[in-house]
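Beneath this line is the structure, given in structure tokens, with notes to follow.
Computed from the coordinates by the stated procedures, all read-outs in this text should not be read as laboratory data. Note that this is a predicted model, so its numbers are computed, not measured. For neighbour counting, all protein chains shown are included, and Cβ atoms are generated from backbone atoms with ideal geometry for every residue, glycine included.
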Amino acid sequence: MQIVREIDNYKSDGRPLYLALGNFDGLHRGHQQLMNNVIRAARNNDGTAAAFIFEPHPIKVLFPHRELKLLATPEMRSELLEALGLDLLIYNSFSTEIARLTPEQFAAGILVERLAVKAVFVGFNYSFGFKGAGTPEMLESFGKQYGFEVHVIPPVKEGSEVISSTLVRQAIEAGDIEYAAQLLGYLPKVEGLVIEGEKRGRQIGFPTANLGVAPDLVIPGKGVYAAWARIGTEVVKAVVNIGSKPTFHPEYPVSIEAHLIDYERDLYGKTLRLYFTARLRDEQKFEGIEALVKQIGLDRDRAAQTLKSFHASGLAFTI
């Protein structure tokens, strides 16, 4: 998959452009259905399957004081899009100048003049242009006016709920890993560099990798989890604690600590990715180290068994 940063650097390869519009945070099952439609249409018409995404997320520019937790970094999103089979990803900076474009200016100036789209694919609730005034119906009208197709993808549901990035965030923050995985179509994951911690885990016989995660990324709620840990191309079992270490501190920032089962190599400075499979228990405060060590041993064994069963199911880590 080709990645182009900034629309001014895009050069057509001469094939018709089939374009997905949206932010696609997390690339959940609704997003995947939209992408599959784009890719299928491009393949059937010897075209290029592409996505156009503003970066940073428009909310971060328009409402800088509003907290917005994201499901994936741009790099992780690119990886997911490539796994689906997308040909081209255009990341374009979002600014207050772009935010002032009217819906028609966006359609005529960006979609037609700069990208010369053959067809555009959007979700049922897509909005664009100044103050989000543009709707899918308005985009269809512009398509007829300027000569490009518009395909509006209906909502994808899990039970009675419409799948959305917000719903996925809520599930992950609540620690409901199984539900989040159903919404995403793959295991929720968190990635970061292994940083130095208090090194207490090594002292009590359970060395942990402390994960430094970007502050604007969603992480699972406090508790203990079974997860697969990936270092490079190697994947090992892990038990992960997310919390504030109440046994040792009255107050402490939330940290992510992963004990990699039967793995003893140094991980400092390396990138570690955790694929969460199940929440094992709530965070607890223990009376002392002995009780904590006993519980960690039980958590490790339960995580190992949970992951063994999960692996046997044949489910994939990613799309």
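Return T277, T102, T135 ranked ascending by Cβ neighbour count within 10 Å, so the fewest neighbours appear first.
Details: T277 26, T102 15, T135 18.
Lowest count first: T102, T135, T277.
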Original post:
Under the rule of -39500 (n - 2.57) per DSSP H run of 4 or more residues, summed and divided by the residues of the chain, what mean residue ellipticity at 222 nm is obtained, to the nearest 500 deg cm²/dmol?
Top reply: -8500 deg cm²/dmol
Subject >> Spin-label pair R265/E178, simplified geometry with 7 Å Cα→Cβ offset, distance in nm >> reply: 3.4 nm
Original post:
To the nearest Å, what is the center-to-center distance of region 143-160 and region 25-86, using C-alpha atoms only?
Top reply: 15 Å
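What's the FRET efficiency of A291 with A214 using the Cβ-Cβ distance as r and R₀ = 41 Å, to the nearest 0.05? Provide the component values of the computation, followed by the final result.
Working: r = 34 Å, r/R0 = 0.82.
E(calc), rounded to 0.05, equals 0.75.
Quick one: putting +1 on the C-beta of Lys and Arg, -1 on the C-beta of Asp and Glu, what dipole do you get for the chain around its Cα centre, in Debye to the nearest 20?
Taking the Cα centre of the chain as origin, the dipole is about 300 debye.
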Original post:
Using the per-residue mean of other Cβ atoms lying within 10 Å as a proxy for protection, in what order, highest first, do the peptides 73-82, 229-238, 183-192 fall?
Top reply: 183-192, 73-82, 229-238
Subject >> the chain pair-distance distribution - Cα-Cα, 20 Å bins, rounded % >> reply: 30, 50, 19, 1
Original post:
Between K60 and Q145, what is the spin-label point distance in nm, taking each point 7 Å from the Cα along the Cα→C-beta axis?
Top reply: 3.2 nm
Original post:
Angle between the Cα long axis of helix 289-313 and the longest principal axis of the chain, 0 to 90 degrees, nearest 10?
Top reply: 50 degrees
